[in-house]
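Reviewing the structure listed below.
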């Protein structure tokens, strides 16, 4: 399905926010204009340093007014049509990326928020960028059921935004992610993801970077490469191992069903993936989401996020990976983050990773060749 | 209300688990015997090291069978009565602590789970202890509405268990916490809390210990003491400041409504609190919970956890604090941990700490002297 990809068409919304159309094939989008009257943007989020927890928190109270579970007819991610002007001026589209109207992070906070360096109360503008990635114009579609060619367009959009946002002077890391399901608090049902360009390196990436550096110093090798090789050798936690990509349940998984999707090649971020790797990722990503949906009685609420090389020395020699996980632990039961997780940061996982991998292998793949996944994944078959 | 506290009465349940009765006044409990036939305990949880995230996860899959939202008549935390034998043999009680029947952590895992030291797959038995703390025999009570004398008994139970569990050779830290509300996934409505004695120092405590050590090295002072003094001086985030205790919203709060309750005196754990400090804590703790409940239309789902001095060098010079927070961000709206929080560990808080403190002050106190809380809390009144 690989082909020459058209460059995105850029435009601006009525309040000046950027919007980009990414098309499955050339010649799709036109230059529709946003005719709404929007109030001026007043982004004023702040980052604050927690001197005990050693982490930044983003304080973004103007977001309380954001769009919350609108009626389908008022969906701001649907195409504009006669009498209903949405966030997307076009009457149809493939994939659209635009700046969030209620951003937690924005370069424009620099104009409104001062920096304070009191060691007990460090704070500053919440610089960066929050973008929305709309995966389809079909409000009722499911990401897992998108055609691979469309998923490939989404991947190209991630790659484009990663490469561009990384160059913003304030940005520490670009995080492409997707939340799906009421159970995760998703306020818009229309299939979409988000991109946060953080003004610092997020704690999970920072810890992974330190781990990787220590491992490299001790062994001369990449930690993700070593994990991938050892998981393929063991096999019991592997869910898919197709071409350029491997999906496995991490040995110390925090969530009941969690899959790390990593490229076999040592590559740091989505924009560095080859054409073939992107095509392969489209297939594997949809395959994993499909397995999640087939685990239980109802579609899985899930979070999927891309750990990409952060800017600066922490990003040296990074190995790209996506973490995809569901909070559903059993039919009708969710995993909640209660005292141990939220209070002490100790995750209790009620499903062993080996059992999770077995279930995810058994969840097969839609439109597959009839294998149950276990045979495809095991190292004995694909050493 | 202070008085000589009776020592707890100890007994064992039918499967050998320990149970302790803590009474508001001497002479309350009798030696009721557990007449149930219970299967033998088969605790087999495991801890596994995540070499990327640098954290232990607890893998506890046998807990999937734990009691899940039983009918009120089947509540395992109610007193035993004719024909219904619960986890608590007595026909009535004040406060009861017993070992969890479905523990995530247990000394008995040593018999069943081996230790592995492969650097990519480190694991071992999930040693430690999980205890349940039942706050009242009244199934329908609310913790916030308990009499202060009962809350004092709960505090004595926390103190007793902290002092005892800390001496277990496997234990790194004793964490007393409470989850309240369906929205947090609480599976038993009967008012209760939990105590986890972890076989390691939990990540949040570990980070706080490093922060405190760095601050002490730079200034010669305690970080929590300095935070407390600066919050009292600023006043805008102070919610309560009564006698020995101060409750304030942290400057970089992660949750929409979050209060840190800390003793003015530099003390490391609950068992070191004086008689007067415990009485004062009972009042302040109930006061804060009452304010949470009065914030919105319905009782607040909340988590409250005690950060106590961990064992070992990390616990040196620790300053005790409770973190109490709700996930309700507005009437009918919850704060969910989605991509940014769960995937990147970056919290986005939609309510400024100053606004949260103002709302919590305005939420007043039940049965108070008529002040609105703001006057009581502000440094101008109580410098």
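Read the figures in this text as sums done on the coordinates, not as results from a lab. Nothing here was measured: the structure is a model prediction, and the numbers come from that model. Note that each Cβ is placed from the backbone with ideal geometry, even for glycine, and that neighbours are counted across all protein chains shown.
Which of B:205, B:337, B:320 moves most in a GNM of chain B, Cα contacts under 10 Å? Of B:205, B:337, B:320, the Gaussian network model singles out B:337 as fluctuating most.
The value for segment B:148-215 of Rg(Cα) / (2.2 N^0.38 Å) is 1.34.
Any idea what the relative contact order of segment B:254-338 is, in percent, if you count C-alpha pairs under 8 Å spaced at least 6 apart? Write down the numbers at each step before the final one.
On the way: 111 pairs, mean separation 38.5, N = 85.
About 45 percent, as a whole number.
In this assembly of identical copies, the label point of residue A:37 (Cα plus 7 Å along Cα-to-Cβ) is separated from its counterparts by 7.9 nm, sorted shortest first.
Let me confirm one metric for peptide B:246-253, namely the mean number of other chain beta-carbon atoms within 10 Å of its residues' beta-carbons.
Working: counts 0, 0, 0, 0, 6, 11, 16, 4.
That average works out to 5.
Separation of segment A:93-128 and segment A:289-353, taken as the distance between their Cα centroids, equals 26 angstrom. As a ratio to 2.2 N^0.38 Å, the alpha-carbon radius of gyration for segment A:204-377 is 1.03.
Kirkwood radius, segment B:180-258, all distinct C-alpha pairs, inverse of mean reciprocal distance: 15.7 Å. With q set to 0.06 Å⁻¹, the log10 of I(q)/I(0) for the protein assembly as shown, from the Debye formula over equal scatterers at the Cα positions, is -0.38. Considering the rotation that superimposes chain B on chain A, the residue of B whose beta-carbon lies nearest the axis, and that distance in Å, is B:337, 3.
For segment A:9-200, taking the reciprocal of the average inverse distance between every pair of different Cα atoms yields a Kirkwood hydrodynamic radius of 17.6 Å. For chain A, set up a Gaussian network in which alpha carbons nearer than 10 Å are linked by springs, and say which option among A:100, A:179, A:311 fluctuates the most. Largest GNM mean-square fluctuation: A:311.
The sum of -39500 (n - 2.57) across all DSSP H runs of n ≥ 4, divided by the residue count of chain B, sets its helix-only mean residue ellipticity at 222 nm to -7000 deg cm²/dmol. Rg/Rh for chain A stands at 0.95; both radii use Cα atoms, and Rh follows the Kirkwood definition.
Evaluating kT/(6 pi eta Rh) at 4 °C and 1.567 mPa s, with the Kirkwood radius of segment B:289-364 over Cα pairs in the Stokes-Einstein relation, gives 89 µm² s⁻¹.
Which percent of the Cα-Cα distances in segment A:128-252 go past 17 Å? Tail fraction, whole percent: 71.
Computed over chain B, relative contact order equals 15 percent, with contacts defined as Cα pairs under 8 Å that lie 6+ residues apart.
Peptide B:199-211 has a mean of 4 when you count, residue by residue, the C-beta atoms of other protein chains within 10 Å of its C-beta.
When chain B is treated as a Gaussian network with alpha carbon springs shorter than 10 Å, the biggest mean-square fluctuation among B:192, B:160, B:35 belongs to B:35. Label point of residue B:119 (7 Å along Cα→beta-carbon): distances to the other copies' equivalent points are 3.4 nm, sorted ascending. Taking every alpha-carbon pair under 8 Å whose residues sit at least 6 apart, segment B:9-200 reaches a relative contact order of 22 percent. The mean count of C-beta atoms from other chains within 10 Å of the C-beta of residues in B:39-49, rounded to a whole number, is 2.
Put simply, when B:358-364, A:77-83, B:228-234 are sorted by average Cβ atoms within 10 angstrom per residue, most first, you get B:358-364, B:228-234, A:77-83.
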